[in-house]
Every structure is written in C-alpha cells, then in structure tokens.
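Shown next, in structure tokens, is the structure this report addresses.
Please treat every number below as a calculation from the coordinates, not as lab data. Remember, it's a predicted structure, so these values are computed and weren't measured experimentally. So basically every Cβ, Gly included, is an ideal-geometry build from the backbone, and we count neighbours across all protein chains shown.
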Amino acid sequence: MLTIQGRPTNCCDRSSRRHFLKIGGLALGGMSLPQLLQAEATAPAHVASGGLGHKAVIMIYLSGGPSHQDMYDLKLQAPREIRGSFQPIATNLPGVQICEHMPRLAQMMDKVAIIRSLHGCPDQHASDLCLSGYPIGGGERQSGRPSLGAVLSKLQGPVDRAVPPFVGLTIDTRHKPYSNPGVPGFLGPTHGPVRPQGDGLSDMRLQGVSLDRLGDRQSLLSSFDNFRRRVETENAYEGVDAYTRRAFDVLTSSKLVEALDLEKEDPALRETYGRGEPAPAFGEDAGPHWMDQFLMARRLVEAGVRCVTLSFGSWDRHGANFTRLPIQLKRFDQGITALVQDLHDRGLQEDVSVVAWGEFGRTPKINPGGGRDHWPPVSCGLLAGGGMRMGQVIGSTNHLGEVPQDRPVHYQNVFATLYRQLGIDSHHATILDRAGRPQYLLDHREAIAELI
C-alpha cells in the first residue's frame, strides 16, 4: 500500500482520505506508485454513437513469432512436412480461408484485414519492431527510436491530463525483449508508457507529501502546475521528476483506476472476452493467455488513453506446434473477436485501430520435434477498426509460404497507415532527437493504399 505521512482527513465527498488512496498498483517508467485512488461510485460514461472524440490504437504483440502458415496462410497443396495437420475453414469472405482453430474470426473476417506478406523483420526475439517499426539496433532498444505510443504522447499529448496518453499492459518476462511495452527512445522517459502492474509491487513512499497537503487539491494542483512549467523549460527535470509529475496528475483523479477495474463491466461481456490469467502461457517465458487484457485495453482507450500495448501468448513453437497452438489459437480467437465486436457495438470502429502481430514468421518446413523455427523472410498480421477498409486479405506468399509472392508490405508501411488513421502524416511529421535534429517517424512512409 502507498504510505503517506500524516493523519486521515475528510474529502469534500465525505470519504476518508486514507481510504480514498487505496487502489491497485501502478508503475510509471520503472517506478511504482501503488494503490493510487479508490474507484468512485460510477463507471466512466459509455460513449454512444458519437465515438471517442479522439483517435486511439491497441497494439497486441504475439510474443515469439506466430506461425503464418498455421493461422492465416495454410498451404494445403504443399508437401506434408510443410502443410502440417491443421485444416482451413471458410470465412464470411468468399474464397478466403483461415485455420480451423479460429472459427469466431472466420465469421468476422468482414471486420478485419489480414496481411499475408509482411517483411522487414530481422531474426530478433523482441517486441521492438512491432511497437515502433524499428528492431533492436546499435545496442539500443528500437534502434534508439520512440515507439508509436511515445510518438503519440509527444505529438498529441494527453486527452485528459489525469489519464496518461500511453499505457503498457505487457507483463514482465525473464527474456526482457519480450517485456518491452514500447520504450520512448530519444524522446526520453516523459513519453514512456505507464505500466499498471497489480498488487505485487513493492511500496513507494511519496517523500515529503502528507495527507494534509493532499487534502487541499487546489493548492496541490496550483503547486504542480508551477512544477510542470519548470519541467517543460528545464532539461534537468527529465527522468524521475517527469514520473513524479505524471503520478500527481493521476493522484488527483480516479479515471485511470476506473478503466482498470474490470469488475465494473457486465459479467456477460466479460465472459464474451474470456478471462485467462496473467501468468506466462504454458509456463514458458512469454506473454500470457490473458483475455482480460483485451477488455482492459478497450476500457483504457475509452477513458482517454491514446495507445495501449499488450502481449499475448507463447508463439516460439520450436516444438509442440500442433498440440499447443490449438489451445492458444482458441484463446486468441475469443479475445480478438470479442474486442473487435465490442468496438463495433460501441460505435468506436472509426476511432480505435487494432493491430495484432509478432516479430517474424515460422519455417515452412516442420522440424523433427514437431515445431517450426524462426523465419524472418515473411510474417503475417491482423488489423481492425481505425476507419480502415476491412474485409480483405492483402498480399500472398509463394506455394511453400517462404517469401512474399505479391504485394510485399513492410512493417513500417503498417505503422505509416496507423499514424495516418491517428491523424499524423508520416510523410511530413518529424520529432527532434537528443541532438535537436528533426527525425522522420519512419523510413518507409507510404501507407497501405488498400486500407485507406
């Protein structure tokens, strides 16, 4: 629990200040801020047909590299050692088939777009490429570049100052490159993701802040506004002071906490998404089978978050590919389709983009252990919402699933498309690096024409 010096005082709503500060854990850029504010009596108002009022993106990292030919690009005419045991099923798009273990998605293909010809991925087990468009390079995460969430934080800022523009739900793993929720790169920690982590974090003491001081919100906000002005003009306040600034913004509101509280959702809707658990999938060092994250991401963007990142599953299937993928694909099928349908039901499909993909594909040939190994030449991805043109499959691979055959799409072309739908023109937008030099957001700045 958060430890604050002083005596309990009564708030204007007659609740105890000590009670008012009991909520779940939160981490900001590596610092924890446990138990910020208890959720207030009412949930955030449901956004009706008017939409969000801002653009947002949910980025789902399939940690380990999903098998393109076992999901969206089955090669039934290939030799047995390539095609595997999964069967294709028809979808609601004429002539389009996907894996039998994703029947819900098959009936929702008109609401998504599949890319079968992704390229531009190195042989790196990391989320960096999927969250920024850049791999690890030069000894730096994301080649020193900012993630998409960090760019949105810099260029568009918060929708509501009590709600961070960028939230990372990615769980911690022993293999740290899987845990990257989207580092800010040269933009600095001010634009890094807020990371809610639950009740297991160590306590944090707000040094020199008493309950008496917290009791006077107006004075706190006035003092903090002065602090903010100093931070924005003095580079010396980068880092820890930036986290403190953001922490105090959240401390004055419960909006973020409301969004994270899934108990406020209709139980029937939660069951539609499925629950899962936050532990790594199959006990391996990777993402979880935690469908609650999909629902949490939707609640966060409704609350005002511009970018939510999360990881899902253990896709590095060097072995047990055809015994474990059916379990994993079923859970992914439930979570992703519930999210896409929920966005449509709430009228948010024009405002919220969704992307789900991994760092590379898998070898066409099945290895002796019944798995597929790393295959950087081609990968696959799923897109939904964001006002993009859905109900299509973009690109193809050759008859063995080895390389793009037509319409190769670079990972950065997907980012250019997402930026465009978020209101940022990657052809012209630049951000200053640490040396004060303007840098384009991407090297490949062409959006995918079929989607816009």
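Using the crude model of +1 on Lys and Arg Cβ and -1 on Asp and Glu Cβ, and no other charge, please compute the dipole size for the range 259-365 relative to its Cα centre, in debye to 20. Don't skip to the answer; put the middle values down first.
Values: 13 positive and 17 negative charges, 91 e Å.
Around 440 debye, computed over the range 259-365.
Exposure proxy for M109, M71: other Cβ atoms within 10 Å of each Cβ, ordered fewest to most, give M109, M71. Size of the range 128-176 from its Cα atoms: along the principal axes, largest to smallest, the extents are 34, 23, 15 Å. Using a cut-off of 20 Å between Cα atoms, the listed pairs K55/K264; K55/K111; K75/K365 include K55/K264 as exceeding that distance. Once you divide the Cα radius of gyration of the range 374-435 by 2.2 N^0.38 Å, the number left is 1.41.
For the pair H175 and N367, what calculated FRET efficiency results from E = 1/(1 + (r/R0)^6), where r is the Cβ-Cβ distance and R0 = 25 Å, to the nearest 0.05? Efficiency for this residue pair is about 0.75.
Residues whose amide H falls under 5 Å from that of S311, counting only those 5 or more places apart or on a different chain, are Y61, T170, I171, with hydrogens built in the peptide plane. Counting every alpha-carbon pair across the range 73-173, the share separated by more than 21 Å comes to 60%.
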